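Trainee: Input: one structure, supplied below.
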Amino acid sequence: MPEHLGAAVDRALARPAPQQPQWPDPEAVRGVRAVLEGVAPVVTAEEVDRLRAHLASVAGGTAFLLQGGDCAETFAETTERSIAGTVDTLHRMASTLTSMAGLPVVRVGRLAGQYAKPRSSPTDALGLPAYRGDIVNGREATAGARAPDPRRMLRAYVNSASAMAVIRALHATGTVVPGGADTGFFTSHEALLLDYERAMLRVVDGHERGEPKPYDLSAHFLWIGERTRRPDGAHLAFAELLANPIGVKIGPTTTPEQAVEYVERLDPYDEPGRLTLISRMGSGEVRRVLPPIVEKVAASGHAVVWQCDPMHGNTVQTRTGYKTRHFDQVLDEVRGFVEVHRALGTHPGGLHVELTGADVTECLGGPQHLSTTDLPHRYTTACDPRLNRTQALELASLTAEILRPR
Ligand code: PEP
Ligand code: MN
């Protein structure tokens with residue numbers, strides 16, 4: 001990487017960086033970073049550029065963005081079966097949306113790299129360091145497993161690259177979307193663990209107009225989470241440097257002024273679709289909090305992608321201790337999101353969901369009418385509750401119904 005870009009990355013990452021592990025051995029982290037700086041990327045800059053063009057269409061109102069996958073991927077569950085389940089579910093949801101709502105659908109998996117998790121507390125109920133995702137430490141509740149281990153970043157790279165190889169093979173052989181090989185499939189994850197993301201930066205000649213920008217080639221699309229979007233923080237400053245399209249989660253405390261600051265900083269060259277604002281307000285808040293944000297951003301003249309994450313504002317804990325979400329609230333947030341955009345004349349451009357192709361029992365309701373007594377049967381998520389395949393397909397068809405031009 002040219003020296004001035006390296007220095008810009010160092011400056012960005014010297015800012016306050018929430019949600020980073022306390023690595024016990026900083027020298028070992030530098031060693032791992034040096035290895036990752038020399039590996040082949042998980043995705044290519046050409047692919048990232050193709051996604052940028054697709055997202056420009058979404059921002060312009062002529063396409064829809066569907067993004068989904070596990071809350072947290074795990075190394076053990078990065079199997080061909082689980083990958084195919086997620087990818088196939090997304091393609092089926094996309095077909096439903098296309099045929100009913102009449103818009104081409106850009107398909108982006110939350111997979112092949114979704115290994116780092118922000119936590120509400122640095123320690124768990126037992127006083128152990130919190131599980132921060134397989135890229136940092138182990139889920140098992142022992143001091144040994146929970147010690148952050150930088151070598152896990154190498155395993156995360158290997159798993160991401162092999163997951164990407166499986167995704168490419170599934171498409172090349174027509175195992176998913178028969179006859180749909182021309183349908184691009186892209187990957188994404190939260191750009192949370194800065195030691196990993198910085199090591200996956202690559203400068204590619206001739207791919208960026210004007211001054212060259214590094215691509216983060218760990219995935220096509222990266223987003224900044226609700227807990228790391230502070231304007232003076234390292235995550236925003238890092239994202240500003242990237243050529244990739246970027247998402248920012250905006251929760252119910254987001255002000256219109258903050259939203260405009262994200263837009264101005266992350267879309268300085270007025271590129272339609274460069275920034276996706278992922279609203280995750282909760283079904284009770286979206287109709288109140290989102291309108292002034294949309295109005296102020298629209299008035300700024302920047303063409304962003306407006307995407308609805310109807311999962312993260314609707315998480316509840318059952319009396320028996322399960323984190324869950326009710327299908328009806330998820331659907332209601334989608335409905336509120338679309339109502340807001342319809343009222344303001346903006347494009348309700350996308351959906352971001354946590355889902356799996358497996359028949360898990362993690363979210364309540366849906367066509368199977370899952371109740372709290374069903375949750376223990378197949379509750380296997382490593383982090384947040386996911387829609388199962390049936391619930392995900394139902395959400396797609398009800399969302400298409402809501403979006404259908406009338
Ligand atoms: C997530 O997407 O898993 C997540 C942690 O979301 P948020 O940052 O919106 O809370
Ligand atoms: Mn989650």
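The values are calculated or read from the model by the stated rules, or taken from the named source; none is laboratory data. All values derive from a computational prediction rather than experimental measurement. Virtual Cβ from ideal backbone geometry, glycine too; neighbours counted across all protein chains shown.
Trainee: Could you grab the pairs with beta carbons closer than 6 Å, sequence gap of 6+ or different chains, first residue in the range 382-400 and within 14 Å of H369 (Cα to Cα) and more than 12 Å from ligand 2 (Cβ to nearest atom), second one among the polar types (S, T, N, Q) and modelled with pLDDT of 95 or more?
Mentor: Going by the 6 Å Cβ cut-off, the qualifying pairs are R389/T89; T390/Q368; A392/T89.
Trainee: Turning to a different aspect of this structure: Can you pull out every residue in the range 1-30 that is without any contact (Cβ under 8 Å) to a residue 12 or more places away in the chain, surrounded by 11 or more Cβ atoms within 10 Å (Cβ to Cβ) and over 15 Å from V136 (Cα atoms)?
Mentor: G6, A7
Trainee: Moving to a separate point now. Report, by residue number, each residue of the range 357-381 that is within 15 Å of ligand 2 (Cβ to nearest atom) and either small (G, A, S) or buried (at least 24 other Cβ atoms within 10 Å of the Cβ) (or both).
Mentor: Of all residues in the range 357-381, those within 15 Å of ligand 2 (Cβ to nearest atom) come to 360, 362-363, 379-381.
Across the range 357-381, the qualifying residues are E362, C363.
Trainee: Scanning for something over 20 Å from G273 (Cα atoms), surrounded by fewer than 22 Cβ atoms within 10 Å (Cβ to Cβ) and within 14 Å of ligand 1 (Cβ to nearest atom), does the range 84-97 turn up at least one residue?
Mentor: Checking the range 84-97: not a single residue is over 20 Å from G273 (Cα atoms), surrounded by fewer than 22 Cβ atoms within 10 Å (Cβ to Cβ) and within 14 Å of ligand 1 (Cβ to nearest atom).
Trainee: Residue check, A343 against (1) within 16 Å of ligand 2 (Cβ to nearest atom); (2) surrounded by fewer than 20 Cβ atoms within 10 Å (Cβ to Cβ), all met but one. Which one?
Mentor: (1)
Trainee: Would it be correct to say that T183 is modelled with pLDDT of 95 or more and either surrounded by fewer than 15 Cβ atoms within 10 Å (Cβ to Cβ) or in contact with a His (Cβ under 8 Å, 6 or more places away or on another chain) (or both)?
Mentor: Working: modelled with pLDDT of 95 or more: no; either surrounded by fewer than 15 Cβ atoms within 10 Å (Cβ to Cβ) or in contact with a His (Cβ under 8 Å, 6 or more places away or on another chain) (or both): yes.
No; evaluated as a whole, the condition is false for this residue.
Trainee: Test of understanding: among V294, V316, V304, which residue is away from ligand 1 (no atom under 12 Å from the Cβ) and within 14 Å of E257 (Cβ to Cβ)? Full working, then the answer.
Mentor: Numbers: V316 fails: within 14 Å of E257 (Cβ to Cβ); V304 fails: within 14 Å of E257 (Cβ to Cβ).
The conditions single out V294.
Trainee: Would you please name the residue that is nearest to P405 (Cα to Cα), looking only at residues in the range 63-85 that are within 16 Å of ligand 2 (Cβ to nearest atom) and not hydrophobic (A, V, I, L, M, F, W, C)?
Mentor: We begin by selecting, within the range 63-85, every residue within 16 Å of ligand 2 (Cβ to nearest atom); these are 67-74, 77.
Filter again for not hydrophobic (A, V, I, L, M, F, W, C), leaving 67-70, 73-74, 77.
On the way: Q67: 22, G68: 24, G69: 27, D70: 30, E73: 36, T74: 39, E77: 39 Å.
Across the range 63-85, the extreme among qualifying residues is Q67.
Trainee: Right, F337: modelled with pLDDT of 95 or more, in contact with an Asp or Glu (Cβ under 9 Å, 6 or more places away or on another chain) and crowded, with 21+ Cβ neighbours inside 10 Å or not? Steps first, please.
Mentor: Numbers: modelled with pLDDT of 95 or more: yes; in contact with an Asp or Glu (Cβ under 9 Å, 6 or more places away or on another chain): no; crowded, with 21+ Cβ neighbours inside 10 Å: yes.
So F337 does not fit the description; no.
Trainee: Let me ask something else about it. Kindly establish whether R107 is touching a Phe, Trp or Tyr at 6+ places or on another chain (Cβ under 8 Å) and over 26 Å from V176 (Cβ atoms).
Mentor: On the way: touching a Phe, Trp or Tyr at 6+ places or on another chain (Cβ under 8 Å): yes; over 26 Å from V176 (Cβ atoms): no.
No, not satisfied.
Trainee: Inspect the range 108-126 for any residue being touching a Ser or Thr at 6+ places or on another chain (Cβ under 6 Å), within 15 Å of ligand 1 (Cβ to nearest atom) and outside any strand (DSSP E or B) and give the result as yes or no.
Mentor: Within the range 108-126, one or more residues are touching a Ser or Thr at 6+ places or on another chain (Cβ under 6 Å), within 15 Å of ligand 1 (Cβ to nearest atom) and outside any strand (DSSP E or B).
Trainee: Given T89, T123, T98, which one is under 18 Å from the mean Cα position of the chain (by Cα), more than 16 Å from ligand 2 (Cβ to nearest atom) and among the polar types (S, T, N, Q)?
Mentor: Checking each option against the conditions leaves just T89.
Table: residues versus (1) in a loop (DSSP other than H, G, I, E, B); (2) among the basic types (K, R).
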| position | (1), (2) |
| --- | --- |
| V39 | yes, no |
| E46 | no, no |
| S57 | no, no |
| G61 | yes, no |
| T74 | yes, no |
| R81 | no, yes |
| A84 | no, no |
| T89 | no, no |
| R92 | no, yes |
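Trainee: Out of all the residues in the range 218-234, which are in contact with a helix residue (DSSP H, G or I) (Cβ under 9 Å, 6 or more places away or on another chain) and in a loop (DSSP other than H, G, I, E, B)? Quick ask: steps written out before the conclusion?
Mentor: Of all residues in the range 218-234, those in contact with a helix residue (DSSP H, G or I) (Cβ under 9 Å, 6 or more places away or on another chain) come to 218-225, 228-231, 234.
Across the range 218-234, the qualifying residues are S218, A219, H220, G225, R229, R230, P231.
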